[in-house]
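Enquirer: Quick one: the structure is below, and I'll ask about it shortly.
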Amino acid sequence: MASVIPPSLRTAYFDCYSGISGDMILGALVDLGVDLKEIRASLQTLGLSKGYEIKSRIVKRGLICGVKVDVVVKPVRHPHSRNFRDIKTLISRSELPAKVKSDAIEIFKRIAKAEAKVHHTSMDKVHFHEVGAVDSIVDIVGGVLGMDLLNVEQIISSPLNVGEGFVECAHGTLPVPAPATLRLLEGIPCFSTGIKKELVTPTGAGMIGFFAEKFQSLPRMKILKTGYGAGDHVVKKSPNMLRVILGEIAGEGQSLTMLETNIDDMNPEFYEHVMESLFKAGAVDVTFTPVIMKKSRPAVTLSVLAPSLKKEKVAKVLLTETSTFGVRYYEVNRITLDREIQTVKTPHGLVKVKIGSLEGDVLKVSPEYEDCKKIARREKLSIKKVYDDVRKLAEQKLR
């Protein structure tokens with residue numbers, strides 16, 4: 001039989017026993033199987049100068065091997081800093097998926113706010129140095145891309161080992177955690193094991209603070225795979241690695257909630273933005289149904305299916321992003337096929353494909369629409385042809 005969905009939540013657990021940084025996140029994701037080539041190709045749409053290269057290698061820290069991702073930037077005579085507006089424009093103009101754009105911009109916004117508070121100025125006047133450099137832009141946007149490709153429904157983190165001592169940066173010598181990092185860590189459980197190094201960087205703090213829903217010990221979960229991402233520091237006391245555990249959490253993720261509201265007084269142009277915000281908040285599905293209300297008023301029923309754990313976040317979007325005054329909800333279940341995302345190599349390039357199975361038998365193969373649309377525009381083909389070609393190749397591969 002097909003299983004009642006969600007029987008489990010596909011979860012990434014970030015074990016930050018030795019801190020967290022942008023390159024550690026990217027390394028751990030690559031070690032988990034995220035395709036670095038696909039990340040490289042997507043990052044090219046940012047329009048950054050070609051004076052950088054992304055490399056990965058296997059390194060050993062203590063008794064553990066992991067992936068070290070390096071962004072090698074060619075030296076320039078007059079390096080320039082960027083402010084938040086520069087970075088936002090850079091990301092907005094790219095061809096990255098909409099969710100990747102919004103997530104990356106939000107992370108940079110968090111960092112800009114923290115810097116502004118530390119320096120008692122406005123976000124527009126904050127000029128990034130380390131974080132505005134090419135390598136940090138690649139770390140953050142690449143990490144967001146990696147999280148999107150990992151295709152998890154929930155991210156949980158351990159408390160963060162922040163380190164201690166002092167660190168040299170563009171502003172001079174700063175205590176660890178650096179002041180901006182400390183701002184980003186507000187509300188997050190942290191500790192130090194006495195290691196005299198900066199174990200949590202602003203990039204790492206900004207990213208995990210945005211992605212993680214909870215900070216706790218490893219929950220009860222079925223472990224599927226583990227990835228290790230190496231940092232720059234070599235620490236004698238412990239292997240300086242970020243460990244990301246991919247698994248499934250059963251029980252609490254078994255129920256779904258349907259949230260609904262009727263809207264008859266909102267600009268229809270707003271619905272696209274509302275839908276994007278709902279999916280970002282964790283919605284599984286969003287639909288708009290035309291209805292007739294009292295006094296024959298035309299309206300729209302906005303229905304959102306979401307994991308019960310995301311109910312409050314989704315309701316907040318409905319209450320703040322639409323004109324509604326209230327939201328009704330009720331618990332539901334559904335039956336679905338077992339699903340898996342694979343990347344298929346085609347003459348048009350790499351395309352993600354959703355595979356639906358029942359008791360081990362593949363029943364459905366569905367190419368990713370956004371990937372097909374991008375190819376159709378680039379090669380001036382009909383999207384139907386691209387979709388059909390990709391589906392046939394994927395079906396042949398699965399036989």
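The values are calculated or read from the model by the stated rules, or taken from the named source; none is laboratory data. Since the model is a prediction, treat every value here as computed from it, not as a measurement. So basically every Cβ, Gly included, is an ideal-geometry build from the backbone, and we count neighbours across all protein chains shown.
Enquirer: State all residues of region 140-158 that are over 27 Å from Leu90 (Cα atoms) and out of contact with any Phe, Trp or Tyr (no Cβ under 8 Å at 6 or more places or on another chain); if no residue qualifies, say none.
Expert: Glu153, Gln154
Enquirer: Does Gly206 satisfy the criteria of being without any contact (Cβ under 8 Å) to a residue 24 or more places away in the chain and either assigned to a helix (DSSP H, G or I) or touching a helix residue (DSSP H, G or I) at 6+ places or on another chain (Cβ under 9 Å) (or both)?
Expert: Working: without any contact (Cβ under 8 Å) to a residue 24 or more places away in the chain: no; either assigned to a helix (DSSP H, G or I) or touching a helix residue (DSSP H, G or I) at 6+ places or on another chain (Cβ under 9 Å) (or both): yes.
No: the conditions fail for Gly206.
Enquirer: Any idea which residue in region 82-131 is farthest from Gly22 (Cα to Cα), counting only those that are of a type in the set (Gly, Ala, Ser) and surrounded by fewer than 21 Cβ atoms within 10 Å (Cβ to Cβ)?
Expert: Of region 82-131, the ones of a type in the set (Gly, Ala, Ser) are 92, 94, 98, 102, 104, 112, 114, 116, 122.
Retained after the next criterion (residues that are surrounded by fewer than 21 Cβ atoms within 10 Å (Cβ to Cβ)): 92, 94, 98, 102, 116, 122.
Details: Ser92: 20, Ser94: 20, Ala98: 21, Ser102: 18, Ala116: 21, Ser122: 25 Å.
So, considering only residues that are of a type in the set (Gly, Ala, Ser) and surrounded by fewer than 21 Cβ atoms within 10 Å (Cβ to Cβ), the one farthest from Gly22 (Cα to Cα) is Ser122.
Enquirer: Still on this structure, I have one more. Among the residues of region 360-378, which ones are assigned to a loop (DSSP other than H, G, I, E, B) and hydrophobic (A, V, I, L, M, F, W, C)? Break it down into steps so the answer makes sense when it comes.
Expert: Here is the first cut: in region 360-378, the ones assigned to a loop (DSSP other than H, G, I, E, B) are 360, 368.
Of everything in region 360-378, nothing turns out to be assigned to a loop (DSSP other than H, G, I, E, B) and hydrophobic (A, V, I, L, M, F, W, C).
Enquirer: Separate question: Tell me whether region 213-223 contains one or more residues that are polar (S, T, N, Q) and either closer than 26 Å to Ile341 by Cβ or within 19 Å of the chain's Cα centre (by Cα) (or both). Steps first, please.
Expert: We begin by selecting, within region 213-223, every residue polar (S, T, N, Q); these are 216-217.
Checking which are either closer than 26 Å to Ile341 by Cβ or within 19 Å of the chain's Cα centre (by Cα) (or both) leaves us with none.
Looking for residues that are polar (S, T, N, Q) and either closer than 26 Å to Ile341 by Cβ or within 19 Å of the chain's Cα centre (by Cα) (or both), one finds none in region 213-223, hence no.
Enquirer: Shifting gears a bit: When the residues of region 272-307 are filtered to those that are hydroxyl-bearing (Ser, Thr, Tyr) and at pLDDT below 95, which remaining residue is surrounded by the fewest Cβ atoms within 10 Å (Cβ to Cβ)? Working first, answer last.
Expert: At the first step, the residues of region 272-307 found to be hydroxyl-bearing (Ser, Thr, Tyr) are 277, 287, 289, 296, 301, 303.
Cutting the leftovers down to at pLDDT below 95 gives us 277, 296.
Numbers: Ser277: 19, Ser296: 6.
Within region 272-307, the match that is surrounded by the fewest Cβ atoms within 10 Å (Cβ to Cβ) is Ser296.
Every residue, every condition in (1) among the β-branched types (Val, Ile, Thr); (2) closer than 24 Å to Ile156 by Cα; (3) in a strand (DSSP E or B), yes or no:
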| position | (1), (2), (3) |
| --- | --- |
| Leu218 | no, yes, no |
| Ile223 | yes, yes, yes |
| Gly227 | no, yes, yes |
| His233 | no, no, no |
| Ile245 | yes, yes, yes |
| Thr257 | yes, yes, yes |
| Glu269 | no, no, no |
| Glu272 | no, no, no |
| Ala283 | no, yes, no |
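Enquirer: Evaluate the following for Val274: is it within 18 Å of Arg10 (Cβ to Cβ) and not assigned by TED's automatic domain parsing to the domain that holds Ser136?
Expert: Values: within 18 Å of Arg10 (Cβ to Cβ): no; not assigned by TED's automatic domain parsing to the domain that holds Ser136: yes.
No.
Enquirer: Please work out which one of (1) of a type outside the set (S, T, N, Q); (2) without any contact (Cβ under 8 Å) to a residue 24 or more places away in the chain; (3) in a strand (DSSP E or B); (4) in the same structural domain as Ser217 (by TED's automatic domain parsing) is the condition Phe288 fails and give its number.
Expert: Of (1) of a type outside the set (S, T, N, Q); (2) without any contact (Cβ under 8 Å) to a residue 24 or more places away in the chain; (3) in a strand (DSSP E or B); (4) in the same structural domain as Ser217 (by TED's automatic domain parsing), only one is false for Phe288: (4).
Enquirer: Go through region 165-188 residue by residue and tally those that are part of a loop (DSSP other than H, G, I, E, B) and closer than 23 Å to Ala116 by Cα. I'd like the intermediate steps shown before the answer.
Expert: Applying the first criterion (part of a loop (DSSP other than H, G, I, E, B)) to region 165-188 yields 165, 170-171, 176-178, 185-188.
Keeping just the survivors that are closer than 23 Å to Ala116 by Cα gives 170-171, 176-178, 185-188.
Final tally of qualifying residues: 9.
Enquirer: Quick check on Ile355: is it over 20 Å from Arg40 (Cα atoms) and surrounded by 14 or more Cβ atoms within 10 Å (Cβ to Cβ)?
Expert: On the way: over 20 Å from Arg40 (Cα atoms): yes; surrounded by 14 or more Cβ atoms within 10 Å (Cβ to Cβ): yes.
When the stated conditions are applied, Ile355 passes them.
Enquirer: From the list Ser323, Ser357, exactly one residue is part of a strand (DSSP E or B), in contact with an Asp or Glu (Cβ under 8 Å, 6 or more places away or on another chain) and farther than 22 Å from Asp148 by Cβ. Which is it?
Expert: Values: Ser323 fails: part of a strand (DSSP E or B).
Of the residues listed, the single one that is part of a strand (DSSP E or B), in contact with an Asp or Glu (Cβ under 8 Å, 6 or more places away or on another chain) and farther than 22 Å from Asp148 by Cβ is Ser357.
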